[in-house]
Each structure stands twice: as C-alpha cells, then as structure tokens.
1. Just checking, how many residues over segment 208-263 are surrounded by fewer than 18 Cβ atoms within 10 Å (Cβ to Cβ) and on the phi > 0 side of the Ramachandran plot?
2. Is it the case that segment 142-152 has a residue that's out of contact with any helix residue (DSSP H, G or I) (no Cβ under 9 Å at 6 or more places or on another chain), modelled with pLDDT of 80 or more, over 28 Å from THR85 (Cβ atoms) and not aromatic (Phe, Trp, Tyr)?
3. Could you check, for segment 124-137, whether at least one of its residues is at pLDDT below 95, outside any loop (DSSP other than H, G, I, E, B), of a type outside the set (Gly, Ala, Ser) and exposed (fewer than 14 other Cβ atoms within 10 Å of the Cβ)?
4. Taking THR48, is it surrounded by fewer than 19 Cβ atoms within 10 Å (Cβ to Cβ), in contact with a Leu (Cβ under 7 Å, 6 or more places away or on another chain) and not in a loop (DSSP other than H, G, I, E, B)?
5. Report every pair of residues separated by at least 6 positions or lying on different chains whose Cβ atoms are under 6 Å apart, first residue within segment 115-141 and under 18 Å from THR68 (Cβ atoms), second surrounded by fewer than 16 Cβ atoms within 10 Å (Cβ to Cβ) and at pLDDT 90 or above.
6. Among the residues of segment 53-76, what is the count of those that are touching a Pro at 6+ places or on another chain (Cβ under 9 Å) and among the small types (Gly, Ala, Ser)?
7. When ASN185 is evaluated against the numbered criteria (1) exposed (fewer than 12 other Cβ atoms within 10 Å of the Cβ); (2) at pLDDT 90 or above, which criterion, by number, is the only one it fails?
8. Among the numbered criteria (1) under 17 Å from the mean Cα position of the chain (by Cα); (2) surrounded by 20 or more Cβ atoms within 10 Å (Cβ to Cβ); (3) modelled with pLDDT under 90, which one does ILE110 miss?
Amino acid sequence: MQTEKDKAKGFYSFRADANALGGFLEQPDRKPIPTLAPVSLPCVGGFTTARSEAFTLDNIVSCSSAYTRVSGQENADRSISILVTAVVEGLNLLDVVEADRVVAKLWIVIPRDRGHLKVSTAGSRFEGLRLQGRPREPEWNPTLQEWATQCDEQGGAKVATAEQIWQIGKVQAVRVTNAYVGRENAAWAKNRFKWMTKDAMSNSSALCSLVDGFATGKPEHCGHVVEIPGFGRFFFGELLLTADSAQLVSIRAELGCPVKGKITINCVGGGGVSDF
C-alpha cells in the first residue's frame, strides 16, 4: 500500500542508456555494425550493466572488450541522479585511430524542482590514444576539467548547466569554423556548427567538447575535430545537452572513401520526465 511519504514524491520516469560501439557501413558493403554492450535503465530507476568480449568487423573496427553501466535513483532531497558509463578496451578503427582504453562517464543531476538538468563528465578519458600510429594526448577543455576535479558540498563532482555548456561550445565552434576558412571543405564546418556560433543561446540545446585539441603533430586537427585524408573525419568527446536530456559520445567517426559509414565509440545519455 502506498504511504503518504510515497505519494509526496510524485511521479518520475527515468531514461538512461549506453552502448560501447555501433553504427553502419555504406561502402564497401552496406551493413549495420552490431551494437556492443547495449543497456537501458528501467523507467523506475535502479542499476543494470552489460558486457561484450572481443569483437572485430572486416578489419574495419575491433576491440578486445567493452562494457556499460547505468544507474538512477531519487535522492533524499527529491533530486534525481543518473550515472551512465561506457568503456571500450583495445580499440582499433581502420588502423588509424587506436586506444588502449576509452571511458565515457556522464553524471546527470535533475534538481528537486525538476528544473533543467546539470551534468558532470568526471572520469571520462582516453588512455593510450594513437592517431596514425603516433601517440596523441588530448588537450582537455580547462573549464570542464576544473569542474570535473572539484567537489560539491556532498562530495560529488561539480555539475554544469546548459548555459555554461553553451558558453564553452560557442568558443569551440567559432574556433573550428575559423580554422576551416579558406579550405576547400570549409562549408561543412560552417553548416555543422553555425547554430552554436550565435550571439545568444537560441534554444535549450547546447553542444561542446571535452577536448579543445591535441598535442602538435600529424594528423592535423581543428579543435576536437581530426581529419585523416583517405579515412574520414573524427570528432572527440562531444557533449550535447537539451532541456531534459544529455548525451556524451567519446568518438564519432564519419568515414570516407574507400570505407564509408558512421561509427560511434561510447555513447551514453539520459534524462527523464516528471509530473512537476
């Protein structure tokens, strides 16, 4: 029987999911890429996990293992906490993007008044990242890194709002689009990021990256975007916020000739709706 205390909590439906690898190919053969370690949180909250052992697809993408975890709960102060994690180990993408370990962690906090959610990416990282066989150390966005290493009053990582994410993303978007000015393929960058270069946040959505760039050396990069001729375009650490959801993707690969398709490494996200 439902108590008065239970009734006072109101209604909330959780949404949280994660997968470690997935996508599709268009060339040389049109086929889906199996989604590794997919997991979804029950709408009432709780905890669940999934794991995948060694995987390889046509010498295009492989990993030695992958696992995901999602959890969600309503706290004593009636705020909502969601933690979503995805990990890929021994990653090899076309022998041009390799990593010993890639971790995506997204902590989502929804205030007790059920206002706009806040996020932290503490714990997300790339270990042993190599681009075209060369070790490349990501240059992390200092603001996001500072929040990830600081603690709030309860001892958890500090969280960021959509407005703060937009402020970071705007600077990054302007930097990327300016870097492509004068290039033959400049139009794609302007079209991709123009909504993030406006003078004010035009809607409740915001996009930024945990990565500002990489240590000097080839291949060339424009912020968190790396182009590798003959292979494609790779986006690192993109974080997307909307009014009621958040998503973090460790690597988004948009492959060109001769292999064409799209692949994501570590896609985690969540949010929810309530009667408040």
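The values are calculated or read from the model by the stated rules, or taken from the named source; none is laboratory data. Every value quoted in this text rests on a predicted model; they were computed, and no experiment measured them. No Cβ is skipped: glycine too gets one built from the backbone with ideal geometry, and neighbour counts run over all protein chains shown.
1. 2
2. no
3. yes
4. Details: surrounded by fewer than 19 Cβ atoms within 10 Å (Cβ to Cβ): yes; in contact with a Leu (Cβ under 7 Å, 6 or more places away or on another chain): yes; not in a loop (DSSP other than H, G, I, E, B): yes.
Against the criterion (surrounded by fewer than 19 Cβ atoms within 10 Å (Cβ to Cβ), in contact with a Leu (Cβ under 7 Å, 6 or more places away or on another chain) and not in a loop (DSSP other than H, G, I, E, B)), THR48 qualifies.
5. GLU127/ASP100
6. Quick first cut of segment 53-76, residues touching a Pro at 6+ places or on another chain (Cβ under 9 Å) only: 55, 57-58, 68, 72.
After this cut, where a residue has to be among the small types (Gly, Ala, Ser) as well, the list is 72.
Count: 1.
7. Only one criterion in (1) exposed (fewer than 12 other Cβ atoms within 10 Å of the Cβ); (2) at pLDDT 90 or above is unmet by ASN185, namely (2).
8. (1)
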